[in-house]
Amino acid sequence: MQNSLKILLCFTALLIGQLAHAELFVEVVEKSGLVQARVSPTDPSPWREVNAGDRLGLPVEIETGDASTVKLRAGTDVFELKSKTRVSVPAAAAKSDTGLSRVLQWFGTAWYKITRGPDEFSVDTPHLVAVVKGTQFSIVVEEGASVVSLIEGRLAVSLLNDRDEFEMMLSGDVASASLSDGLQVFGSDASTSS
């Protein structure tokens, strides 16, 4: 009897431990049009269509088609992908159940609402890195450039290949990065930091 009780207590402790470390997922809150996902950019399996209510494990790559949008939630983070947009969320981006630490935006337009503390979330594009300081912002990635529009809060941006030198953006600022023009911030007085 005592051995059975010990086994039951050990099993219960193991189960509670597993629940406490539950993996973060990306939930499809709502969608319109064609929205597809796959495990990762290197995954040989084909894209599969996703629907509202689906829970996508990490890593995951998500893409919207023509005239399509999707609203996603991961913990407390919310982001919306507009038409013809692709993002990847690496497995290492999971930060317990609070949200993500990193999204890679390959092309297209996305709107992000991040409510956690500073320096806990970044978006990498082919041209720049945006490090969140608790904010709402959108990013547009095109073939030759990436543009960040800061709606609310603060955001640090840097060139992808120079993460040590960044510009601090304030509400209403717009930043642009390209290979030919480098990083430019327009709007209020932007400050360069390192």
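The values are calculated or read from the model by the stated rules, or taken from the named source; none is laboratory data. These figures come from a predicted structure and were not determined experimentally. Cβ coordinates were reconstructed from backbone atoms using ideal geometry, including for glycine residues, and neighbour counts include every protein chain displayed. Quick note on the areas: whole protein, heavy atoms, side chains included, nothing else; ligands and nucleic acids left out. Shrake-Rupley method; radii C 1.70, N 1.55, O 1.52, S 1.80 Å.
Quick look at the numbers
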item: Charge context of residue 180, other residues only, Cβ under 14 angstrom, K/R +1, D/E -1; result: -3
item: Binned Cα-Cα distances of the stretch 62-194, short to long, each 5 Å bin given as a whole percent; result: 2, 11, 22, 25, 22, 13, 5, 1
item: Across 84/113; 113/133; 82/113; 71/113; 31/133, pairs whose alpha-carbon gap is larger than 18 Å; result: 84/113; 31/133
item: Neighbourhood net charge (9 Å Cβ-Cβ; Lys/Arg +1, Asp/Glu -1) for residue 158; result: -3
item: Exposure rank, largest accessible area first [73, 55, 86, 163; 1.4 Å]; result: 55, 163, 73, 86
